[in-house]
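Every number here is computed from the coordinates shown, using simple stated rules; none is lab data. Fair warning: this is a prediction, and the values are worked out from it, not measured in the lab. For neighbour counting, all protein chains shown are included, and Cβ atoms are generated from backbone atoms with ideal geometry for every residue, glycine included.
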Amino acid sequence: MQTGTEKAGPDAAGEFEEATVNALILANFPVAILVVLAIVGIPLWMTFKRPESAPDYAGARAYLRARASRDRTAAPAARTARTGLAPVPQHAAAWTSTAHGNAASIAQPTRAAA
């Protein structure tokens, strides 16, 4: 005979699975909290352990000095030997004038509505 508190059949196995799943889900909360604390805490700890008073720009200054001295030595050689495209001495609109053979396209009458 069965009483009201005992369950038999597939429901008993289902309750055991539910209890296992609930325990696993609840066990993940402390693990997630530890992971978040590690992600936030380790960089904070590293920052507070070795604080910098000011950024160090020594490497950038050395690079800029070397680049400036290289540009000063390369500039006279670049002025004597021109390679690549030459700059255009006139404005691009000058090519649309009648002097360059576009007289026919400029003199075309337009059909304007009266």
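Computing FRET efficiency as 1/(1 + (r/R0)^6) for residue 44 and residue 24, where r is the C-beta to C-beta distance and R0 is 25 Å, gives about 0.25. Sorting the segments 44-55, 29-40 by their mean number of nearby beta carbons within 10 angstrom, highest to lowest, gives 29-40, 44-55.
Three semi-axes describe the equivalent ellipsoid of the stretch 13-52; taken as square roots of 5 times the Cα gyration tensor eigenvalues and ordered largest first, they are 39, 4, 4 Å.
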